[in-house]
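The values are calculated or read from the model by the stated rules, or taken from the named source; none is laboratory data. Here the structure is a predicted model, which is why all the values come from computation and not from measurement. Here the Cβ is made from the backbone with ideal geometry for all residues, glycine too, and neighbour counts use every protein chain on show.
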């Protein structure tokens, strides 16, 4: 009874549900009427005898229903058989053979009857009325027993189950009575001798109440008869199905089956336990209950022993999570579980399904109904329900739920009502479309809970209202926005996300908020309470600065903007008597007002321990021994002897001696510093001056030295480098780079390995390193423009000093010397345009200066053209120098000059070079031709040697162009003439050149010879020309 009270209590709460299933009680039995047998063959169950001791009645026995009593069997058997035969004959008429065959099949094998039933199910379905478990007022339980039955009204099956069973029994009776009606009369006569009766005793017990259930009774049967027994009830579970083993059953369905009577008595006791209710709990991560929902299992079923035939399986409960303000769901949003748990006498044993939430808003639990997680009770919505529009009828004749569009219908209801402000929280007796139809379940309950308003309260610290509460309620999905879309009559309730508003009140500050300040409407009324206070608080803290501990704290209370009434004087005076002295007090000396910000109402008083000083005069001595750990002497003893005065300092608060110091005047021994012993450390670095008394005039102290273990730390190596690169303006390397490197090395710091103390700092090998500067080379065809220094007559790059404190970039530097290509001598005509197809020689590098070129560069010789100047000295080595040329006029007759001896004077360059004589007019072998390093046998005005002879001998003014287009003026030289008497100038010789000429003394003499040769050549040319004119 205690369990029933608990269940009744759970059913008191009101909520909304769609009672979805309208059971067609007769629809499921349509197949049982398909044989078309006359109604006279269907047995009507009547209660004609209430005497429980009367065991002769044949109720629920599938034998001939016209048999009233087993007495006078010998006189009535023949008549009964005749009646069956007559009835069968009247039924079949012209189709006798077909009916007999069909009846024979049913009689011989009960398992084949379903095939017959399904053939005409749809035809008969039109004549059957569906019965709703919600609205039916008809009492379907028409079957009672005249046997020894103790069934009470309370334990009868539900109306729907009884109605289904009645139809099922009619079907089975009709099927099993056809066969005797069409059997041969001779066989029926033979059956007269087989009249032995047996007792079938069936006891079905509710294990919780101990009462017997509907269907309990004792029945008289003959072997082979079929007796209906109950093997399942709506809302119950069969606890001992093994009791049915060894018996033959037919026609299982709707919680019952027909037992084929054996040739002996049967005593069956079946135990049933009520299916436990389902409780859906919504808890936080700590297990605190936020809210909950429960439902009974009275309309559910347990798996039938014949589930493979009757389709009765464990009912399922589907639960859905809901929105809870201030919480976030962290478990799965949906749970489905079969209903298999049962209740006992002492334990309801509810099946609990849990959804877990994480709290995301501080004090969110304070807004829950009944305290939520604080009290651990939550709100139980119970199982009472009322109907919402949009349900669906399930046609039980159909094989599965998909044929009734079950899942589609549920989805449509969910889409509709979640918009209208309901939470879809679960389904009792849930199914998939593929599930076979469970014809014993009373109904399917789809649970929707309406959303509730949110109330926002504004109170002070004592709960007094500061403003009227604000009700938040709206549904923006309702097309009719009257009353913000809320219309309970049309099932429109609050829906969507809401947010509360904090208000301001003069003289008050917000203290806390109980509940989440925003969220989604949910199935219960949520409260948000803003708590304000006009109370002000502060404190005065007294602190011991010696120990940094709080001595005491005085709380200050009042209201905002009021004067603080407090004084620190008495407390300070009390602490001074205890030996303290005042350090600071930031409260005294001003009037203080309670601030709305409580942190500005806090003050501190700092106190320190006072020190007491006293002296004692003593005579004595102090000896300090220094030993190693093995006891051997480590150092000579330190001995002091004197008459001294001891000064004692005492903490006035703790009364503990702070120090004892001796000085010579006052008979105080000096502190003794332990000597340093390499590789060892003392257990006392300093021995305090000892205090001696008359009774103990000698003070001895032993200092023990232990060997230190050292280790090096922080060793470092810092690489430094200098790289000098020689590149053109595009970064192309013109000369191999010059690199230097160096490493700064730090020896590392020495530490005591045991104590971690620094013993000594390490050293660097050097603190700075100067890199050597690199020379700037002369690169043929280029001159240096940047990246170098000029000092002491030298061009250099690099040579910086690296410091061990520099960064990586400062220690490793790349220096770049940039070169630019040398300019050229460009012959131009009188208009300044370059003359095509003529040499444009580059300037010649100054061999001693990478930034310059040689002066007085000779211009190229162009046949038939005369340069404006015979040489140029570039002012910008990288800029081309244009040299104007003019055509050379015809030469007039020139008298033969008389040769004169050359004078050693500075040579000069003629304004216009003489034309090159024809080869036939030039002597084939001059008197003296110097040897030159020219690769060709004979150098002419069109030679293309790469190198210019250092010093030509016989000269005809012309030029030689090398591969780079550089042109060097020189004279024609016959290499066949030995050069033994002529010295070629070397680079060393050229260093002593004359100003603006680049020639030495030898070159002067050579030039004089060249001038003489030119004069002779000109004379010869003039003579030849004169002969030609005379001849002409």
Give the residue, chosen from 474, 448, that is within 40 Å of the chain's Cα centre (by Cα), on the phi < 0 side of the Ramachandran plot and in contact (Cβ under 8 Å) with a residue 40 or more places away in the chain. 448
Please go through (1) in contact with a strand residue (DSSP E or B) (Cβ under 6 Å, 6 or more places away or on another chain); (2) under 27 Å from residue 422 (Cα atoms); (3) surrounded by fewer than 20 Cβ atoms within 10 Å (Cβ to Cβ) for residue 269 and return the number of the only condition it doesn't satisfy. (2)
Quick check: is even one residue across region 248-256 part of a loop (DSSP other than H, G, I, E, B), without any contact (Cβ under 8 Å) to a residue 24 or more places away in the chain and over 30 Å from residue 421 (Cα atoms)? yes
Qualifying positions in region 578-592 - under 14 Å from residue 566 (Cβ atoms) and either surrounded by 15 or more Cβ atoms within 10 Å (Cβ to Cβ) or in contact with a helix residue (DSSP H, G or I) (Cβ under 9 Å, 6 or more places away or on another chain) (or both): 585, 587, 588, 592
Within region 487-501, considering residues that are more than 21 Å from residue 425 (Cα to Cα) and out of contact with any strand residue (DSSP E or B) (no Cβ under 6 Å at 6 or more places or on another chain), the one surrounded by the most Cβ atoms within 10 Å (Cβ to Cβ): 487
Selection within region 510-542 - surrounded by fewer than 22 Cβ atoms within 10 Å (Cβ to Cβ), assigned to a strand (DSSP E or B) and out of contact with any strand residue (DSSP E or B) (no Cβ under 6 Å at 6 or more places or on another chain): 535
Restricting attention to region 298-331, the residues that are more than 30 Å from residue 358 (Cβ to Cβ) and in a loop (DSSP other than H, G, I, E, B) number exactly 14
Please find, within region 793-804, the residue that is farthest from residue 740 (Cα to Cα) out of those that are free of Cβ contacts under 8 Å to residues at least 24 places away in the same chain and touching a strand residue (DSSP E or B) at 6+ places or on another chain (Cβ under 9 Å). 794
Please verify whether residue 891 is surrounded by fewer than 16 Cβ atoms within 10 Å (Cβ to Cβ) and modelled with pLDDT of 90 or more, treating the condition exactly as stated. no
Wholly within region 618-717, strands (runs of 3 or more DSSP E) carrying at least 2 residues that are under 30 Å from residue 760 (Cα atoms) and within 60 Å of the chain's Cα centre (by Cα): 680-682, 698-707, 710-713
Residue ID - farthest from residue 436 (Cα to Cα), chosen from residues in region 269-283 that are assigned to a strand (DSSP E or B) and at pLDDT 95 or above: 269
Could you list, in sequence order, the residues of region 754-786 that are closer than 19 Å to residue 680 by Cα and surrounded by 14 or more Cβ atoms within 10 Å (Cβ to Cβ)? 759
If a residue must be on the phi < 0 side of the Ramachandran plot and in contact with a helix residue (DSSP H, G or I) (Cβ under 8 Å, 6 or more places away or on another chain), how many such residues does region 481-513 contain? 2
May I ask you to list the residues in region 575-598 that are assigned to a helix (DSSP H, G or I) and touching a strand residue (DSSP E or B) at 6+ places or on another chain (Cβ under 9 Å)? 575, 576, 598
Among (1) at pLDDT 90 or above; (2) buried (at least 18 other Cβ atoms within 10 Å of the Cβ); (3) in contact with a strand residue (DSSP E or B) (Cβ under 7 Å, 6 or more places away or on another chain), there is one condition residue 378 misses while meeting the rest; what is its number? (1)
Test: residue 556 is more than 28 Å from residue 505 (Cα to Cα), in a strand (DSSP E or B), in contact (Cβ under 8 Å) with a residue 40 or more places away in the chain and in contact with a helix residue (DSSP H, G or I) (Cβ under 9 Å, 6 or more places away or on another chain): no
Selection count where residues are part of a loop (DSSP other than H, G, I, E, B) and buried (at least 24 other Cβ atoms within 10 Å of the Cβ), scope region 284-297: 1
Assess whether residue 431 counts as being touching a residue at least 12 places away in the same chain (Cβ under 8 Å), touching a helix residue (DSSP H, G or I) at 6+ places or on another chain (Cβ under 8 Å) and not in a helix (DSSP H, G or I). yes
For region 686-698, check the following and say yes or no: at least one residue is loosely packed, with under 12 Cβ neighbours inside 10 Å and modelled with pLDDT of 90 or more. yes
Only one of 350, 321 is within 24 Å of residue 272 (Cα to Cα) and crowded, with 19+ Cβ neighbours inside 10 Å. Can you tell me which? 350
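Conditions tested, residue by residue: (1) in the same structural domain as residue 735 (by TED's automatic domain parsing); (2) surrounded by 16 or more Cβ atoms within 10 Å (Cβ to Cβ); (3) in contact (Cβ under 8 Å) with a residue 12 or more places away in the chain.
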| site | (1), (2), (3) |
| --- | --- |
| 808 | yes, no, no |
| 829 | no, no, yes |
| 833 | no, no, no |
| 836 | no, no, no |
| 839 | no, yes, yes |
| 848 | no, no, yes |
| 854 | no, yes, yes |
Per the list (1) in a loop (DSSP other than H, G, I, E, B); (2) free of Cβ contacts under 8 Å to residues at least 60 places away in the same chain, residue check on residue 884 breaks on (1)
Hey, does region 409-417 have a residue that's closer than 22 Å to residue 292 by Cβ and without any contact (Cβ under 8 Å) to a residue 60 or more places away in the chain? yes
Would you be able to tell me the number of residues in region 722-732 that are over 52 Å from the mean Cα position of the chain (by Cα) and either farther than 14 Å from residue 783 by Cα or not in a loop (DSSP other than H, G, I, E, B) (or both)? 3
